[in-house]
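Novice: Let me give you the structure first, and then I'll get to my questions.
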Amino acid sequence: MAGHREGARALKRTVEAAIQSGVRQLTVYSFSTENWSRPAAEVHGLMDLMGEMLERELPELHEQGVRITFVGSRDEVDPHLLKRFDEAEAITAANQVLDLFVAFNYGGRQEIVDAVRRAVRSGLTADQIDEDVVSANVYAPHMSEPDLIIRTSGELRLSNFLLWESAYSELFFSPLLWPDFGPVEFARAVEDYAGRERRFGARRTEGLA
């Protein structure tokens with residue numbers, strides 16, 4: 001739990017760095033659907049830590065103009081914690097400096113499955129389901145497709161994170177463990193991204209715009 005608490009401090013540093021850099025949307029992977037397989041005591045501690053963070057940090061986040069949205073399945077999450085999620089979203093709903101999406105009980109594959117299920121339940125047929133329909137039924141349709149995804153800890157994989165939204169995202173892999181992440185490494189990632197040429201899957205052809 002000491003490592004998780006340091007991770008919470010890293011989150012605060014990263015939110016502040018995003019605001020100072022002019023970033024408009026930031027999504028953080030807080031608790032994945034796979035994390036339920038961790039020891040029960042650790043899972044319970046993580047739930048308590050999330051509640052403590054909201055109680056402690058929400059006033060400052062609100063003052064900074066941060067709008068909070070929780071993305072993920074609401075199944076299995078304690079009702080008392082869900083109530084805090086709802087309260088945080090309601091309190092910060094009108095803020096416009098930074099959209100902070102907190103992926104909690106989140107899995108990229110599950111999000112796609114849930115989006116298709118919602119589309120089917122709305123009465124659409126299989127032939128009517130296309131990319132626009134899926135995008136309209138993900139957990140947070142107002143989330144923009146991320147320009148940059150930063151993966152820490154030296155791992156070279158997405159780990160089931162934003163699989164639908166990240167189709168054309170640029171990737172930055174940092175060797176730092178998440179608890180050690182901060183403004184310096186955030187700035188390095190943004191600077192690296194700024195020097196890239198984005199093609200969104202298209203090849204540049206001589207003589208064509």
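The values are calculated or read from the model by the stated rules, or taken from the named source; none is laboratory data. All values derive from a computational prediction rather than experimental measurement. Positions of Cβ are generated from backbone atoms using ideal geometry, with glycine treated the same way; all protein chains shown enter the neighbour counts.
Novice: Report whether or not GLU89 is of a type in the set (D, E, K, R), over 14 Å from TYR29 (Cα atoms), surrounded by 14 or more Cβ atoms within 10 Å (Cβ to Cβ) and without any contact (Cβ under 8 Å) to a residue 60 or more places away in the chain.
Specialist: yes
Novice: Further question on the same structure: Look at the stretch 116-141 and say how many of its residues are part of a helix (DSSP H, G or I), of a type outside the set (Val, Ile, Thr) and either in contact with a Leu (Cβ under 9 Å, 6 or more places away or on another chain) or more than 26 Å from LEU26 (Cα to Cα) (or both).
Specialist: From the stretch 116-141, those part of a helix (DSSP H, G or I) are 116-121, 126-128, 131-136; that's our starting set.
From the residues that got through so far, the ones that are of a type outside the set (Val, Ile, Thr) too are 117-119, 121, 126-128, 131-132, 135-136.
From the residues that got through so far, the ones that are either in contact with a Leu (Cβ under 9 Å, 6 or more places away or on another chain) or more than 26 Å from LEU26 (Cα to Cα) (or both) too are 117, 119, 121, 126-128.
Going through the stretch 116-141 one residue at a time, the tally reaches 6.
Novice: Using the structure shown, decide if GLU111 is surrounded by 20 or more Cβ atoms within 10 Å (Cβ to Cβ) and farther than 21 Å from GLU52 by Cβ.
Specialist: In short, yes.
Novice: If you don't mind, another one. Here is a check on your reading of the model: is ARG74 surrounded by fewer than 17 Cβ atoms within 10 Å (Cβ to Cβ) and modelled with pLDDT of 95 or more?
Specialist: So ARG74 fails the test.
Novice: Going by what's in this entry, would SER135 be described as within 24 Å of ILE112 (Cβ to Cβ), touching a Pro at 6+ places or on another chain (Cβ under 9 Å) and surrounded by fewer than 16 Cβ atoms within 10 Å (Cβ to Cβ)?
Specialist: Judged against the criteria, SER135 is a match.
Novice: On the given criteria, is PRO179 in contact with a His (Cβ under 9 Å, 6 or more places away or on another chain), within 23 Å of LYS12 (Cβ to Cβ) and either surrounded by 15 or more Cβ atoms within 10 Å (Cβ to Cβ) or among the basic types (Lys, Arg) (or both)?
Specialist: Criteria met by PRO179.
Novice: Inside the stretch 49-73, can you point out the residues that are within 18 Å of GLN25 (Cα to Cα), touching a Phe, Trp or Tyr at 6+ places or on another chain (Cβ under 8 Å) and in contact (Cβ under 8 Å) with a residue 40 or more places away in the chain?
Specialist: Scanning the stretch 49-73 gives THR69, VAL71, GLY72.
Yes/no per residue for (1) farther than 22 Å from ALA136 by Cα; (2) not aliphatic (A, V, I, L, M):
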| residue | (1), (2) |
| --- | --- |
| SER37 | yes, yes |
| LEU49 | yes, no |
| LEU54 | yes, no |
| LYS83 | yes, yes |
| PHE104 | no, yes |
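Novice: Here's something else I'd like to know. What pairs can you find where one residue is in the stretch 141-155 and on the phi > 0 side of the Ramachandran plot, the other is in a loop (DSSP other than H, G, I, E, B), and their Cβ atoms are less than 6 Å apart, with a gap of 6+ or different chains?
Specialist: Sorted first by the residue in the stretch 141-155, then by its partner, the pairs are SER153/LEU177; GLY154/PRO175.
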